[in-house]
Amino acid sequence: MSNKITEKYFEHANFADHEEKSLAEITAETNFQPEKEIFRGQIYDKDKVGSLIYKGLWRNKPAVLKIQGLQPDVDEIDMINAFNNQNESAKIRLPKLYNGSKWNSKNGYGYLILEYIDAPQIYKPPFANQEQIQDFCALYQEYKTKCLKSPFMEKEPNEQSSLVFTTQRVSHWAKIAQSKGHLAETEVKNVEKFLSLSKKHLPSIKMEFMHGHFTYNDIFKLSDKEYVLMSNLFWSYRPEFYDATFHLWAGIKSIRDENIIFEQIKKYIQNWINEYKKLPIIRQDSDFEKKFNIMMAERCIGALLVDIQNQNYGINRDNLVARLTELFRELFKYFTNKLE
């Protein structure tokens, strides 16, 4: 069983309505001293807050408090403990868990008090430099071979098949886009094309246990020998090499320079592919590029259906939405053409 976040879009009540009361209860119970909010987890909309993170002090040391308002299918405390019990990497670890309480219906929330990590991200979006690409790839090899020795949750029925899992997700995103009035005719056709290609390619692609948010936002580099992995609510089953593409999708959708063109992005992604193919875990898979391409196509269709329209842009929103839509449509065409 994996945690479902976006799948709960239509049923989730806004936790922001209870945040002040919840924070007051937790601080009274734990003596955590909040200094500032540093993260607000939203399911696409501002009125669908699922979690909150505060920086502060706990027992006179820097710490973060995460309040989990959205009921998880698997509690993050259990995820952290299960990971620590099977992790064999000397380089990759999770933040230390100081205190916590699992989600319960009486409170309507759970919480974790975690070590505050004062370190840079493994790279800053939208683009990594060559040294950072090599660093990330080396870490990817380590994570795949040392952190994933055994899954710590069972597959649900829809996680048995990459085709079933992916088509359900895409259909859900399309319903969200339609409900918000963002389902353009071009995307309807793109969904049809993607689902057709999925039937061709996904039956031969396995579902694997992995970190579903393996991206620059969630990897902090304390040193060349120590990396800390965040967002541990997102250990889950995904199609093979989803975790090799997720950070690329995240970086591209963070672009705010309208002068960046498709050819730049295509060249950048090809550079990543070249570096990935040097890794032992990639070299042993002759179908890596096919799997990478279908996962990039899946990331593009997700961006086009829900992500682009539901980001914070500040000023110049309309131009940036239009530009990112154009870029992701070009990327979608590029990767689907490779699959035909």
Quiz item: Which fully enclosed helices (runs of 4 or more DSSP H) of the range 252-340 have 3 or more residues being closer than 29 Å to D47 by Cα?
Solution: 288-302, 317-339
Self-check item: Of all residues in the range 60-114 being more than 19 Å from F32 (Cβ to Cβ) and among the small types (G, A, S), the one that is farthest from the chain's Cα centre (by Cα)
Solution: S105
Quiz item: Quick one: in the range 125-176, which of the residues that are among the hydroxyl-bearing types (S, T, Y) and part of a loop (DSSP other than H, G, I, E, B) is nearest to N87 (Cα to Cα)?
Solution: S150
Self-check item: the range 262-284, residues that are touching a residue at least 24 places away in the same chain (Cβ under 8 Å) and of a type in the set (D, E)
Solution: E275
Quiz prompt | The one condition in (1) buried (at least 18 other Cβ atoms within 10 Å of the Cβ); (2) modelled with pLDDT of 95 or more; (3) within 30 Å of I113 (Cβ to Cβ) that F234 fails to fulfil | solution = (2)
Exercise. State all residues of the range 175-227 that are small (G, A, S) and surrounded by fewer than 18 Cβ atoms within 10 Å (Cβ to Cβ); if no residue qualifies, say none.
Key: S179, G181, A184, S196, S204, S223
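Yes/no matrix, rows are residues, columns are (1) modelled with pLDDT of 95 or more; (2) out of contact with any strand residue (DSSP E or B) (no Cβ under 9 Å at 6 or more places or on another chain); (3) aliphatic (A, V, I, L, M):
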residue	(1), (2), (3)
M296	yes, yes, yes
C300	yes, yes, no
Y313	no, yes, no
N319	yes, yes, no
F332	yes, yes, no
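The values are calculated or read from the model by the stated rules, or taken from the named source; none is laboratory data. Predicted model only: the values in this text are computed from it and were never measured. Reconstructed Cβ throughout: ideal geometry from the backbone, glycine too, with neighbour counts over all protein chains shown.
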